[in-house]
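Chemist: Could you have a look at this structure, given as structure tokens, before my questions?
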Amino acid sequence: MKNKSLTPVLVLLVMVFSAGIGLAADKPVKIGFAYIMSGPFATYGQFAKQGAELAIDELNAKGGILGRKVESFFEDTAGKPDVGIRVIRKHVFENGADVVMGLDSSGVAAAVAPVMMELKTPLLVTHAATPDVTGSKCNRYTFRVSLNINQNIAMASAIAADMKSKIWTTAGPDYSFGHQSWEYFQQYLARKKPDAVFLPQAEVAFSPAATTDFSSYITKIMNSKAEGVLISLWGGNLIDFVRQAADMGFFDGKRDILMTLGAATEVLYALKDKMPTGIWVGTRYWFLANDTPVNQAFVEAFSKRYNVYPSYNAHGAYAAVKAYAAAAEKVKSVEKEKIVEGLRGLSLELPVGKITIRPEDHQAITDGAWGVTAADPNYPIRILKPIRKFSGAEITPPVAETGCKMN
Amino acid sequence: MEAFFANLLNGLSWGMLLFLISMGLTTVFGVMGVLNFAHGSLFMLGAYLCLQFVRWTGSFWIGLILGPPLVAALSVLIERFLLRPLYGRDVSLQLLLTFGLMLFLDDGVRLIWGAAYHVVNPPEVLSGSVALFSRSYPLYRLFLVILGPIVGIGLWAFFTYTLWGKLLRAAATDRQMAEIVGVRVPVLFTAVFAFGAWLAAVGGALAAPHQSVGPAMGERIIIESFIVVVIGGMGSFPGAFVGALVLGLLHSFGTTFFPQLQMALPYILLAVILLIRPRGLFGAES
Amino acid sequence: MRIRRAGSLWIVASTAFLAAAPFFLSTYWILILTEILTMSLFAMSFNLLFGYTGLLSFGQAGIFGAGGYLAVLSLLHGPSSLWGAFAAALAGSALISLVIGWFCVRRDEIYFAILTLGFGMMLFTVAHNWRSLTGGSDGLGGFTLPPLDLFVWRGSLADPRHFYFLVLAVALIGAILLYRMVNSPFGLMLRSIRENTQRLSFVGADVRAVRLCAFVVAGTLAGIAGVLFAFFNRIASPEMLHWAFSGKAVLMTILGGSGVLLGPAVGAAIFFVLEHVITAYTTNWMVFLGAILIVLVLAFPRGVLGSLLDLVQRYRGRPRS
């Protein structure tokens, strides 16, 4: 493998070197990343860093962006809004970043997005799913390349509409993400299935972020009249929930279950065969969802380099770097205002499929996939079989619904 | 009725886990007057070591037996070299030191075991569930419900009938007097701190099959254990037992009956109890 | 006497440095200095309770955050006036600290600490769960910063340097206020409460009233610091009210030295600079921060500033007054 690729690399090196003579004064393109690198969610920052570094190495191997080398800076948001704003300001003022990317927590993203108007620097959100950053808080400099809550819940409600359950409840984290997931689910499912019934606020199960014992929430759901359950718990919360729920007979096949982030690889790797089969799960990117050459190359390169299959957060960071490069090539510049123009309406082929960044609200229209958990001896984790794919057009709400007034 | 019993068991099993952790915290505070912020981190370390032993040997029991003494050994070093220079100084310094220790340990485990979530399976005999009314209930949770009181009674017997237990109580009541009658207090302090750490680590090992093992598990439990200890009365064993039970039950029944107040419930309980009984339920009034 | 003169020289010099900083420091460091000053005010207000009255409050962040939320709410629903926002936060945080203080000052030591933690976390729950009013976990933003209107001069606060001067002015006023307070007869009463509660009540002072008074002053200043923090970040977020944020003030205070008025400010500066330096080299900064904290506690038992002043004293061979 290495020997085979040596010749093109050498050729490229010569090209870059000779180009470098002409552009000796060119500074590298600087990308500032802001993820959770410490604490309970550090695993998300780690995955993102892997995806970002893979993308940057691929770019630099081909001569960088517009012939300029790409350099990266990583900062830790600790998942706190004030720290997030501080590190983004640090990227812009101290590290001299041409663009900033990242943000895991919706709270951090909601805090950072408005500040971008003052910093006049493009921000590419790669994980945080709050509708606001491409909705009520949308602005000229803020973009998102990953799926947001609305898109994921649109898929969930489409699947729910085909199920026989009429009465629905939820188990979600007791902060904006969980509440918004539930609110959009009610809104979207009621449109598709007018006779659907939703349990009132006091009867659904929202658990604080620090919860480790979910037994009382599981009991509450099992004692309710609900036939279907939307589970928007994620990460460590979802792992705890699934294990405890399995022991309590929650997955006895008597209820329809949708897990909006159940196909996240960090969850599947932790749970392995403890993840029940036959459950509908979603994610923001599933590495087996399509067999385009771009995806196959990404999955192969990623798993060869890091020994795990790429998680959605790795894909998000990878996608952002690639989208930025494409925008820069499109406008032939990395100047911040030009990049904004380049990103608007940008279409490119990514591992997840073809995405288009909508100019009206800066949300990427991206394909999505849900699937049913299944065991497969070829994989160390549960995989999805069958997979149901959705096109970006059918799951992205129209601009009028987002509440975005672009300035 | 069925829902009532399910909630009761949920509350009891969580309460028993809290009890084990709070026991160590309250002992260390009662005897040494040290409020140990890093107690949750020792709990976490117990879980990680259990995970490591399970990886090496495949046996949860080996992890439960061998992990906690290692944590106790580490805490002997902590007490001897970090805490000891601070005795007799301002209490706030101990607080800051144990806080620094917490940051160090919480992030340190990430360097060793990585940032990913880990899962420990319950031992073969305790996995699965038993039929309870029309539902099934996890055997491991029932094990916790039964284990809690056994450990509690064991510790009570230790403190009431053994020489070491009596020495500990004596030192807790009046350190100077204990010193005068010949108790080697420094050695006793080291032993108490190690004992508290051992209890925290046992709690961590027992929690490992129940929740995912990750760097934040200590931070998440430390405040709840503080509340248990304060509600029950600092340094009181029966207090820790009752406090843990109350908090566990409040958690499970609160989920059903006051979902919106869930997050504030422990703090409301805390404020009400401290305003009525300034030294907690079982604390000696001064 | 010589020491006091040397001390005031230092203070004049550092004030001059702070006032001149925007003219030679980079924008990023101005932003960091702004945060240091905001946290200094917060930590100094906490230290009025801790260092001078002997009350360890773990609920200061609750009032700090409440101040921030009140200011943002007044901007969103009231007039777009900077001074109006400050006034709303001032009145609100004074009232909240009066209520919380009324309950808490009856308790001592660890019980006071845990009780304030409890009340702080109740405020946190309000900010976190009352989504229609506070925006829930995403925080409350979306306001436009009103211009800094000094009647003779108007400037935009979006300019980091203008904002810096506002924070510097407010922090200085807060520091002077605290200085005059701790050096007044009232300050003497506070310190004697810390030394011996009983003796003070024997001579006829109402310990609770004195403590409550200190609690309200500390809370109000914390609320003002919260306004600066929320404006600086353009958002009021629930994290501002969490006990971990109170823990930050505790940390900075003990780090700098609780026995000295400016100790918390020095602690805040050390904390931010440490964080900046460590994160430049590693993303595992918490391990190093934890280790450095441990070393600092063992090496500077009276806080960095406190221990340094002690050293100066010993060098001059005089006992401290």
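Chemist: Kindly indicate whether B:SER136 is modelled with pLDDT under 85, at the interface with chain A (Cβ under 10 Å from one of its Cβ atoms) and touching a Leu at 6+ places or on another chain (Cβ under 9 Å).
Modeler: no
Chemist: Just checking, how many residues over the stretch A:113-140 are under 18 Å from A:GLU94 (Cβ atoms), open to solvent by less than 10 Å² (accessible area, probe 1.4 Å) and over 17 Å from the mean Cα position of the chain (by Cα)?
Modeler: So the answer is 4.
Chemist: So B:ASN36 passes all but one of these: (1) open to solvent by 10 Å² or more (accessible area, probe 1.4 Å); (2) in contact (Cβ under 8 Å) with a residue 12 or more places away in the chain; (3) not in a helix (DSSP H, G or I). Which condition number does it fail?
Modeler: (1)
Chemist: I'd like the full set of residues that are within 9 Å of chain C (Cβ to nearest Cβ) and either touching a strand residue (DSSP E or B) at 6+ places or on another chain (Cβ under 7 Å) or among the charged types (D, E, K, R) (or both), limited to the stretch B:254-286.
Modeler: Result: B:ARG279, single match.
Chemist: Among the numbered criteria (1) more than 14 Å from chain A (Cβ to nearest Cβ); (2) open to solvent by 20 Å² or more (accessible area, probe 1.4 Å); (3) not small (Gly, Ala, Ser), which one does C:ILE114 miss?
Modeler: Here C:ILE114 clears every test but (2).
So that you can scan it fast, the table gives a plain yes or no per residue for (1) surrounded by 17 or more Cβ atoms within 10 Å (Cβ to Cβ); (2) of a type in the set (Lys, Arg); (3) at pLDDT below 95; (4) in contact with a helix residue (DSSP H, G or I) (Cβ under 7 Å, 6 or more places away or on another chain):
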residue	(1), (2), (3), (4)
C:PHE163	yes, no, yes, yes
C:ILE176	no, no, yes, no
C:ARG180	no, yes, yes, no
C:GLY187	yes, no, yes, yes
C:LEU200	yes, no, yes, yes
C:VAL203	no, no, yes, no
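Chemist: On to the next question. Looking only at the stretch A:167-199, count how many residues are crowded, with 21+ Cβ neighbours inside 10 Å, hydrophobic (A, V, I, L, M, F, W, C) and assigned to a helix (DSSP H, G or I).
Modeler: The total comes to 4.
Chemist: Report whether or not A:ALA128 is in contact with a helix residue (DSSP H, G or I) (Cβ under 9 Å, 6 or more places away or on another chain) and either at the interface with chain C (Cβ under 9 Å from one of its Cβ atoms) or within 18 Å of C:HIS276 (Cβ to Cβ) (or both).
Modeler: no
Chemist: For A:ASP132, state whether it is outside any helix (DSSP H, G or I) and in contact (Cβ under 8 Å) with a residue 12 or more places away in the chain.
Modeler: no
Chemist: Tell me which helices (runs of 4 or more DSSP H) are completely within the stretch B:39-128 and hold 3 or more residues being touching a strand residue (DSSP E or B) at 6+ places or on another chain (Cβ under 9 Å) and closer than 14 Å to B:MET217 by Cα, or say none if there are none.
Modeler: Passing ranges, in order: B:39-57.
Chemist: What is the number of the single condition among (1) closer than 20 Å to C:SER45 by Cβ; (2) in contact with a helix residue (DSSP H, G or I) (Cβ under 8 Å, 6 or more places away or on another chain); (3) open to solvent by 30 Å² or more (accessible area, probe 1.4 Å) that C:LEU145 does not meet?
Modeler: (1)
Chemist: Go through (1) surrounded by fewer than 22 Cβ atoms within 10 Å (Cβ to Cβ); (2) out of contact with any helix residue (DSSP H, G or I) (no Cβ under 7 Å at 6 or more places or on another chain); (3) of a type outside the set (D, E, K, R) and name the single condition A:PRO276 misses.
Modeler: It fails just one condition, (2).
Chemist: Given the criterion of a type in the set (Ser, Thr, Tyr), surrounded by 15 or more Cβ atoms within 10 Å (Cβ to Cβ) and within 30 Å of B:ARG279 (Cβ to Cβ), identify the matching residue among C:SER137, C:SER97, C:SER81.
Modeler: Matching residue, one of C:SER137, C:SER97, C:SER81: C:SER97.
Chemist: Specify which of the listed residues (A:PRO380, A:PRO351, A:PRO310) is open to solvent by 30 Å² or more (accessible area, probe 1.4 Å) and not charged (D, E, K, R).
Modeler: It is A:PRO380.
Chemist: Answer with yes or no whether A:ASP26 is open to solvent by 50 Å² or more (accessible area, probe 1.4 Å), part of a helix (DSSP H, G or I) and more than 14 Å from chain B (Cβ to nearest Cβ).
Modeler: It is false that A:ASP26 is open to solvent by 50 Å² or more (accessible area, probe 1.4 Å), part of a helix (DSSP H, G or I) and more than 14 Å from chain B (Cβ to nearest Cβ).
Chemist: Of the numbered conditions (1) within 14 Å of chain B (Cβ to nearest Cβ); (2) surrounded by fewer than 24 Cβ atoms within 10 Å (Cβ to Cβ), C:SER57 fails exactly one; give the number of that condition.
Modeler: Exception for C:SER57: condition (2).
Chemist: Hey, which of the helices (runs of 4 or more DSSP H) in the stretch A:252-361, taking only ones fully inside, have at least 3 residues that are under 18 Å from the mean Cα position of the chain (by Cα)?
Modeler: Ranges flagged: A:265-271, A:293-306, A:312-331.
The values are calculated or read from the model by the stated rules, or taken from the named source; none is laboratory data. Keep in mind the model is a prediction, meaning the values are calculated, not measured. Every residue, glycine as well, gets a Cβ built from its backbone with ideal geometry; the counts of neighbours run over all protein chains shown. Surface areas here come from the heavy atoms of the whole protein model, side chains and all, with no ligands, DNA or RNA. Shrake-Rupley method; radii C 1.70, N 1.55, O 1.52, S 1.80 Å.
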